[in-house]
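The block underneath contains the structure these notes are about, expressed in structure tokens.
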Amino acid sequence: MVDSSLGPVGQEIAARLEAALTPERLAVINDSAQHRGHMGDDGSGESHFTVEIVAAAFAGQSRVARQRLVNSALGDMMREKVHALAIKARAPGE
């Protein structure tokens, strides 16, 4: 379920991750306010995010492989809409 308190970019992040990785748990946190006026802040209020995700797809995967799965699911968003993304990816039971 996409968090309706997120803006359109945050909602799109959540929707793409849900579709690609079918997570057991997903939290998309907008950190943009902490970076207001910094490089990469486009003024939209949706440029910096943290993703906390638990998905079976991460089982047996390295930290780097997990990050690649998340980045792949987000595709062009990482170039066009998101300046920074912190990823906390775990497999169930971790």
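The values are calculated or read from the model by the stated rules, or taken from the named source; none is laboratory data. A quick note: this is a predicted structure, and the numbers were derived from the prediction, not measured. Here Cβ is always computed from backbone atoms with ideal geometry, including for glycine, and neighbour counts include all displayed protein chains. We work out accessible area using only protein heavy atoms, side chains counted, and drop any ligands, DNA or RNA first. Shrake-Rupley method; radii C 1.70, N 1.55, O 1.52, S 1.80 Å.
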*Send over a whole-number figure in Å² for the accessible area per residue of the chain, probe 1.4 Å.*
57 Å²
*asked:* Projecting each Cα onto the charge dipole of the chain (Lys/Arg +1, Asp/Glu -1 at the beta carbon, about the Cα centre), which of 15, 58, 32 comes out farthest on the positive side?
replied: 58
*Given [x] 18.5; [y] 12.9; [z] 13.4 as candidate values of Kirkwood radius over Cα pairs in Å, which corresponds to the one derived from the coordinates?*
[z]
*May I ask for the net charge around residue 66, where only other residues with Cβ less than 10 Å from the Cβ of residue 66 are counted and Lys, Arg are +1 while Asp, Glu are -1?*
+4
*asked:* Using only Cα atoms and rounding to the nearest 10 degrees, what angle (0 to 90) does helix 63-74 make with the longest principal axis of the chain?
replied: 60 degrees
*Extension gain, residue 94 back to residue 72 (0.36 nm per residue minus Cα-Cα distance, nm)*: 5.7 nm
*How much of the DSSP beta bridge set in the range 8-90 is antiparallel, as a percent to the nearest 5?*
45 percent
*Could you give the angle, 0 to 90 degrees to the nearest 10, between helix 8-21's Cα long axis and the longest principal axis of the Cα atoms of the chain?*
10 degrees
*State the percentage of accessible surface on the chain attributable to carbon and sulfur atoms; use a 1.4 Å probe and exclude ligands, DNA and RNA.*
50 percent
*How large is the helix-only mean residue ellipticity at 222 nm for the chain, computed as the sum of -39500 (n - 2.57) over DSSP H runs with n ≥ 4, divided by its residue count, in deg cm²/dmol to the nearest 500?*
-9500 deg cm²/dmol
